[in-house]
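Peer 1: Let me give you the structure first, and then I'll get to my questions.
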C-alpha cells in the first residue's frame, strides 16, 4: 500500500495557489489537506493537520516564514517546509535553511521537478534551486551533510548520556512516541541502522561533541 504524503499549500496569489492545488490533486500518493493565504492561517493549519509537507510563499502577510519555521521546530512537529518563491536571494535562502527550512524552490521550477523535490525532502535531504548554488558555495558542505533538527540533536545528546526513552521524554517534555519518531529520523538521515552508529556518524559530521557531553555528565 502506497504511503500518502499530506500537503498544505500557502500562497497569497490566488491563480498560483488554485493552479498548484489542482496539479497536486492529480498526483497519486499526495493529499492536499488544506490551503492558506497568509502566515497566520498557515501555522493554524500546520498545527491542526500536522502535514508531511508545506509548500509556502516566502513573502505572505501575517506571521513570517521565519517564525513559522521556528514554531514548527519548537513544537517538534513532523512537518517539513518548502519555500516556493520568486525571491532569487541566496542570503535569504541561507538564513531560512539554517533555521530549519527543508527546501528553497524558485517558482520557475517545472512541476515534475517540484514533485521530485518533495520526494527528496521526505527522505530528510534539503534542496536549493540550482541557480542559487553559486551564491551559496560557502554553505554547500553544510547543506549536503545530514540535516538534523535541534530536537533530533537533543535526543542524540541524551542517548550519548545513556538516557532511556522514558527519561528523554521527561527531560524534553515530549512523549516517548515522539522520542522514537525523532530517533527514527536520525537513523534515516544519518543512513545507519542503530543508535551507536548514529552517534558515530553525528560526531563525524560535527553535529554533536561526545567529549563535551561526557564532561557535562561528569560535572552534573
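Peer 1: Compute the distance from the alpha-carbon center of segment 77-104 to that of segment 16-66, in whole Å.
Peer 2: What the calculation gives is 14 Å, centre to centre.
Peer 1: Now for a different question. Please give the contour-minus-distance gain from residue 21 to residue 120: 0.36 nm per residue of separation, less the Cα-Cα distance, rounded to one decimal in nm.
Peer 2: My answer for the length gained is 33.7 nm.
Peer 1: By counting other Cβ atoms within 10 Å of each Cβ, how are 38, 52 ranked from fewest to most?
Peer 2: With the fewest neighbours first, 38, 52 line up as 38, 52.
Peer 1: Taking the beta-carbon count within 10 Å as an exposure proxy, list 47, 73 from fewest neighbours to most.
Peer 2: 47, 73
Peer 1: Where a ≥ b ≥ c are the square roots of the eigenvalues of the C-alpha gyration tensor, would you call segment 150-218 rounded, which needs a/c under 1.5, or, failing that, prolate if a/b is larger than b/c, or oblate?
Peer 2: It is oblate, given that a/c is not under 1.5 and a/b is not larger than b/c.
Peer 1: Turning to a different aspect of this structure: Antiparallel versus total DSSP beta bridges in the chain: what percent is that, nearest 5?
Peer 2: For the chain, the DSSP antiparallel bridge percentage is about 0.
Peer 1: Return the calculated 222 nm mean residue ellipticity for the chain, to the nearest 500 deg cm²/dmol, obtained by summing -39500 (n - 2.57) across DSSP H runs with n ≥ 4 and dividing by the residue count.
Peer 2: -15000 deg cm²/dmol
Peer 1: Taking 0.36 nm per intervening residue step and subtracting the Cα-Cα distance, what contour gain separates residue 73 from residue 4 on full extension?
Peer 2: Between residue 73 and residue 4, full extension yields an extra 22.6 nm.
Peer 1: Quick one: divide the alpha-carbon radius of gyration of segment 5-144 by 2.2 N^0.38 Å and tell me what you get.
Peer 2: 0.96
Peer 1: Given 0.36 nm per residue, what is the gain on full extension from residue 195 to residue 12 after removing their alpha carbon distance, in nm?
Peer 2: The span from residue 195 to residue 12 would gain 61.6 nm if fully extended.
Peer 1: For an R0 of 41 angstrom, estimate the FRET efficiency from the Cβ-Cβ distance between residue 170 and residue 108 and round to the nearest 0.05.
Peer 2: So the FRET efficiency works out to roughly 0.30.
Peer 1: How high is the relative contact order of segment 1-151, in percent, counting Cα pairs under 8 Å that sit 6 or more residues apart?
Peer 2: The value is 18 percent.
Peer 1: Percent relative contact order of segment 150-218, based on C-alpha pairs within less than 8 angstrom and at least six residues apart?
Peer 2: Worked out over segment 150-218, it gives 36 percent.
Readers should treat all values here as calculations from the given coordinates under stated rules, not as data from a laboratory. As the structure is a prediction and not an experimental result, all values here were calculated from the model. FYI the Cβ positions are ideal-geometry reconstructions off the backbone, even for glycines, and counts take in every protein chain you see.
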